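The values are calculated or read from the model by the stated rules, or taken from the named source; none is laboratory data. Note that the coordinates shown come from a computational prediction; the quantities given were computed from them, not determined experimentally. FYI the Cβ positions are ideal-geometry reconstructions off the backbone, even for glycines, and counts take in every protein chain you see. Surface accessibility is based on the protein's heavy atoms, side chains included, excluding ligands, DNA and RNA. Shrake-Rupley method; radii C 1.70, N 1.55, O 1.52, S 1.80 Å.
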Amino acid sequence: MLLSADWRRQAMKIEIPETPSRLIAKLYEFGYKAYVVGGCVRDTVMGREPHDYDICTSARPEEIMRVFRDYHVIPTGLKHGTVTVVSNHEPYEITTFRIDGSYSDNRRPDYVEFTADIEKDLSRRDFTMNAMAYSPVEGIADPFGGADDIKNGIIRSVGNPDARFGEDALRILRAWRFACQLGFELEDKTKKSTYRNMKLIRNVSAERIRDELWRMLDYPRRFSVCILQRNPDIIRTAAGCEERALYHPSALTGAENCCKTVRMALMLGYNLGMNAEEADNTMRRLKFDNGTRRCVTELVGNIETELIPDSYSIKCVLNKMGEAQCRRLLQLGKITGKCENPEKTEALLNRITGENQCCRTSELKINGRDLIEAGIKPGKELGDILNRLLDMVMRKELENDRDELLKEVKHDTNQ
Ligand code: ATP
Ligand code: MG
């Protein structure tokens with residue numbers, strides 16, 4: 001443990017795993033300084049297990065490449081000082097201490113400048129809790145009081161919040177996302193500055209907005225309280241629909257057991273009152289992948305669909321949407337009240353799918369070819385007959401049995 005007189009380096013020892021420790025030790029061996037930094041230090045101080053370890057160092061990118069020449073090294077972002085070193089099949093980002101140059105587009109620095117000073121590197125970071133670094137040699141570097149802010153559950157900008165949000169407006173969304181993720185409060189000046197600078201979010205790239213929004217939905221309860229109930233303008237601005245009214249702001253508190261697509265459908269369709277087309281346009285604008293977009297849009301389009309505990313009705317939904325979407329619609333209906341008896345409906349759904357009960361023409365025990373052999377002409381009539389047979393099977397008026405089905409066809413066509 002290091003007992004430094006320097007006020008900035010507190011006598012605090014935190015545990016870091018073997019691999020990042022070894023990578024840091026190697027940089028010291030070559031005469032450079034190195035720290036774990038950012039989220040992993042924040043999480044460790046909070047007693048949470050970090051999901052990855054970022055390393056920063058006084059070594060320049062080409063020097064990092066030299067130190068790790070025996071490793072698999074990927075020059076991820078040499079211009080920004082980042083090199084990825086693979087160790088034990090795990091990638092570790094190692095970044096040179098840097099100062100960000102001026103920002104002209106509220107997005108990214110026009111240039112970056114390398115430095116040998118960890119504190120300068122920490123001062124470019126967004127919040128005090130994310131501006132801490134730890135080195136087994138130097139101890140913890142916490143020049144902005146991040147550990148205290150963590151103790152008090154506070155998210156505070158490093159430096160002047162207006163200036164920091166002006167540099168990169170994504171930080172506004174990050175601040176609120178961290179509020180949802182950690183259950184922290186925004187410090188007053190930081191919070192007011194997010195309000196003042198809200199419009200700058202429009203300058204942030206769609207992909208970055210999308211990622212923050214999607215991460216907020218990991219915490220539906222806090223998202224509902226912090227964002228929808230108290231600060232709905234954040235979501236309106238992020239979704240690009242500033243004028244929209246907001247409905248049922250507490251609905252998502254009940255969405256802990258819903259999957260993320262259902263939460264997204266609730267937010268767009270139920271909170272923001274969008275129809276399927278509006279939800280589709282919003283998700284296109286935010287560059288969601290096609291699969292997620294289609295899935296959410298279909299749910300939004302069916303937000304008024306009643307789910308009742310009746311075998312035939314459930315089979316109709318299964319026929320239209322498939323099992324996975326039907327289950328999502330059930331989750332949605334539990335929240336919106338469109339599913340009047342969720343337990344019974346779910347039990348029936350489980351039975352229908354568990355027994356592979358027939359819900360689609362493709363699952364009938366006869367197909368188009370059988371009908372042609374039975375003398376039906378190919379074309380619309382053939383499709384109509386299959387649909388009618390399916391409907392009878394789904395209503396349990398007819399067995400899904402080849403002979404029974406053929407008998408019905410013959411009877412129907414008076415053969
Ligand atoms: P998470 O657990 O979400 O990964 P994190 O803090 O590690 O949290 P990252 O997006 O991985 O978040 O960023 C790593 C670090 O880089 C942050 O801790 C912060 O110090 C800095 N950082 C990231 N994004 C910004 C930004 N937009 N502005 C300033 N600093 C940032
Ligand atoms: Mg991270």
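Suppose we keep only residues that are within 34 Å of the chain's Cα centre (by Cα) and basic (Lys, Arg) within segment 343-365. Which one would you say is nearest to VAL317 (Cα to Cα)?
By that ranking, first place goes to ARG360.
Would you check if GLU277 is within 25 Å of ALA239 (Cα to Cα) and assigned to a loop (DSSP other than H, G, I, E, B)? Show your work before the answer.
Working: within 25 Å of ALA239 (Cα to Cα): yes; assigned to a loop (DSSP other than H, G, I, E, B): no.
The answer is no for GLU277.
Specify which of the listed residues (THR345, THR353) is in contact with a strand residue (DSSP E or B) (Cβ under 9 Å, 6 or more places away or on another chain), without any contact (Cβ under 8 Å) to a residue 60 or more places away in the chain and among the hydroxyl-bearing types (Ser, Thr, Tyr).
Matching residue, one of THR345, THR353: THR345.
Condition first: of a type in the set (Ser, Thr, Tyr), away from ligand 1 (no atom under 14 Å from the Cβ) and over 28 Å from MET198 (Cβ atoms). Can you find one or more residues in segment 92-111 that meet it?
First pass over segment 92-111, keeping only residues of a type in the set (Ser, Thr, Tyr): 92, 95-96, 102-104, 111.
Narrowing the set further to residues that are away from ligand 1 (no atom under 14 Å from the Cβ) leaves 102, 104, 111.
Then keep just the ones that are over 28 Å from MET198 (Cβ atoms); that gives none.
Looking through segment 92-111, none of the residues is of a type in the set (Ser, Thr, Tyr), away from ligand 1 (no atom under 14 Å from the Cβ) and over 28 Å from MET198 (Cβ atoms).
Here are ASP110, ASP105: which of them is of a type outside the set (A, V, I, L, M), open to solvent by 30 Å² or more (accessible area, probe 1.4 Å) and in contact (Cβ under 8 Å) with a residue 60 or more places away in the chain? Spell out the reasoning first.
Numbers: ASP110 fails: in contact (Cβ under 8 Å) with a residue 60 or more places away in the chain.
Only one candidate passes the filter, namely ASP105.
Inspect segment 317-334 for any residue being more than 29 Å from the chain's Cα centre (by Cα), open to solvent by 60 Å² or more (accessible area, probe 1.4 Å) and of a type in the set (Lys, Arg) and give the result as yes or no.
Checked segment 317-334: no residue is more than 29 Å from the chain's Cα centre (by Cα), open to solvent by 60 Å² or more (accessible area, probe 1.4 Å) and of a type in the set (Lys, Arg).
Out of TYR270, TYR312, which single residue is open to solvent by 10 Å² or more (accessible area, probe 1.4 Å), assigned to a helix (DSSP H, G or I) and farther than 30 Å from ARG202 by Cα? Working first, answer last.
Numbers: TYR270 fails: farther than 30 Å from ARG202 by Cα.
The unique qualifying residue is TYR312.
Answer yes or no: is there a residue in segment 203-214 that is surrounded by fewer than 18 Cβ atoms within 10 Å (Cβ to Cβ) and more than 18 Å from the chain's Cα centre (by Cα).
Looking through segment 203-214, at least one residue is surrounded by fewer than 18 Cβ atoms within 10 Å (Cβ to Cβ) and more than 18 Å from the chain's Cα centre (by Cα).
Kindly list, by first and then second residue, each pair from a residue in segment 279-294 that is on the phi < 0 side of the Ramachandran plot to a residue that is open to solvent by 90 Å² or more (accessible area, probe 1.4 Å), limited to pairs with Cβ atoms under 8 Å and residues at least 6 apart or on different chains.
Matching pairs, first to second residue: ARG293/ARG284.
Being free of Cβ contacts under 8 Å to residues at least 12 places away in the same chain and more than 21 Å from ARG124 (Cα to Cα) narrows it down to one residue among ASP211, ASP218; which is it? Can you show your working first?
Values: ASP218 fails: free of Cβ contacts under 8 Å to residues at least 12 places away in the same chain.
Of ASP211, ASP218, the one residue that is free of Cβ contacts under 8 Å to residues at least 12 places away in the same chain and more than 21 Å from ARG124 (Cα to Cα) is ASP211.
Quick one: in segment 37-62, of everything that is basic (Lys, Arg) and open to solvent by 40 Å² or more (accessible area, probe 1.4 Å), which residue is nearest to ligand 1 (Cβ to nearest atom)?
It comes out as ARG48.
Checking ALA34 against (1) away from ligand 1 (no atom under 11 Å from the Cβ); (2) farther than 21 Å from SER123 by Cα; (3) in contact with a helix residue (DSSP H, G or I) (Cβ under 9 Å, 6 or more places away or on another chain): exactly one of these is not met. Which one?
(2)
Within the group ALA251, ALA255, ALA276, which residue is surrounded by 15 or more Cβ atoms within 10 Å (Cβ to Cβ), more than 28 Å from THR353 (Cα to Cα) and modelled with pLDDT of 95 or more? Steps first, answer last, please.
Values: ALA255 fails: more than 28 Å from THR353 (Cα to Cα); ALA276 fails: more than 28 Å from THR353 (Cα to Cα).
None of the other options fit; the residue is ALA251.
Filtering segment 149-173 down to residues that are in contact with a strand residue (DSSP E or B) (Cβ under 8 Å, 6 or more places away or on another chain) and in a helix (DSSP H, G or I), which residue is farthest from ligand 2 (Cβ to nearest atom)?
Looking only at segment 149-173, we keep the residues that are in contact with a strand residue (DSSP E or B) (Cβ under 8 Å, 6 or more places away or on another chain), and these are 149, 153-158, 164-168, 171.
With in a helix (DSSP H, G or I) added as a condition, the list becomes 149, 164-167, 171.
Values: ASP149: 18, ARG164: 18, PHE165: 20, GLY166: 23, GLU167: 19, ARG171: 15 Å.
Here the answer is GLY166.
Listed here are the residues, each with its yes/no results for (1) at pLDDT 95 or above; (2) of a type in the set (A, V, I, L, M).
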site: GLU343; (1), (2): yes, no
site: ARG351; (1), (2): yes, no
site: GLU355; (1), (2): yes, no
site: ARG369; (1), (2): no, no
site: GLU381; (1), (2): no, no
site: LEU390; (1), (2): yes, yes
site: HIS411; (1), (2): no, no
